[in-house]
Amino acid sequence: MKIVMFLGACLSILGMVWSAAPASAYGNDVSDREYKVLAPITHGNLTIFPVVAVKTHDASGFLTLDEGIRSGEVTVTEVGKVIPMVRRTPVRPSGGAQVNSLVLINNSKRPLILLAGEVVTGGKQDRIVGRDRLVPAESDPVDLSVFCVEHGRWAETSSKFDTHANAMAKPSIRKSAMADNSQQKVWDEVGRSNQAVSDQLAYAHRNSPGASNTVEVTGAQMEIATTSSYAKVMENKVVRGQVEAMIEPIQKSFDSVIKQLRDQNAVGVVVAVKGRIIWADIFSSSALLSKYWAKLLPSYAAEALTVPGEQTEVSAKSAQEWVNQWQARHEVTETEPGLYKQTEMTGEKFKAFQLTSLLPKQGFDLHLSKMAE
């Protein structure tokens, strides 16, 4: 498959005048930002448009879930499984393990960022974080809202959860969690995804019989058929090989563009699958994007492997118009005073979620996710 990359066009953008996004109905946070979409990087069904910004913020004072789990400063357990030391107020989770709740403790001296769709594996079943949020530094136990992505298991594999090789659920599953807020829809989407992965393996083998081993493909399909775990399917050797084959050339092209635009504040991407724009992830800084990129790109590739339909072309102009559109006809804001605010925006054929830090000297947007309706 041919890689389509207009590097020269990307570099020429440096001399262009920035265009501000139009004023929104819900405030100045997003409309004050000026984003420019660069020329596309395409491989197979997946197209990535890098997004650069005029203004960024230093997010180095925040901890990511992967960093916290690796260092041991963040622990995640089933409700009622572990009663940790509490710093201020005695908090004893009541009852036993619950499908849509976990207990998280942040022992770090930095506030913790959680993004919807981050996969945690272990306990009685694999889960994904249900929504973007912040957890304060040195926190008491926090009731973590999650969705199950392993419908068939309710038996403990470990007392603590891991982030499973920095996994992130693909956009359609994140959308079921964030926009639909429905466990059943998450399960349905995981089931469709796993079946589509199996079908894709069979299709690829029929059309390129010399590129894959029949025994391996058959074995992969049998493994997929016997598990309800999204994480296990995506970690299957054959499936992982297909995902890596898609992301490797995109990663190289993206790295090349960003290296030459190092001072131009690359903060996110617009994602299109088979020519249809489906998603955008935009962060407060290039450094924060870099921390999540290794888990975001495979999630986009997983989506590209499982979406039906014919391939069409998508232009940078279309992506720019989409990333400029933040006009909301309805919004819902959830606030934890002094810590964070999450704003859910519903507009014309899109839904977006904005995570804003309210911490002293760190009061800025950390993450914007936008999905096509």
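Any read-out appearing in this document is the output of simple, stated calculations on the displayed coordinates, not a laboratory observation. Source: prediction; values computed, not measured. A quick note on method: Cβ atoms are made from the backbone with ideal geometry, for glycine too, and the neighbour counts reach across all protein chains shown.
Which pairs break 21 Å Cα to Cα here: K170/K274; K124/K237; K252/K295; K109/K175? Too far apart for the 21 Å limit: K124/K237; K109/K175. Spatially close Lys pairs in region 315-373, defined by Cα atoms under 23 Å apart and a spacing of eight or more places or different chains, total 8.
Applying the criteria of a DSSP loop state and at most 11 other Cβ atoms within 10 Å to the chymotrypsin sites (Phe, Trp or Tyr not before Pro) of region 249-349 yields no site. Per-residue 3J(HN,Hα) values for region 322-334, derived from phi via the Karplus relation 6.51 cos²θ - 1.76 cosθ + 1.60 with θ = phi - 60°, read 5, 6, 7, 8, 10, 5, 9, 9, 7, 9, 10, 10, 10 Hz in sequence order (x marks Gly and Pro). Computed from the alpha carbon atoms alone, the convex hull of region 304-373 holds 132 Å³ per residue.
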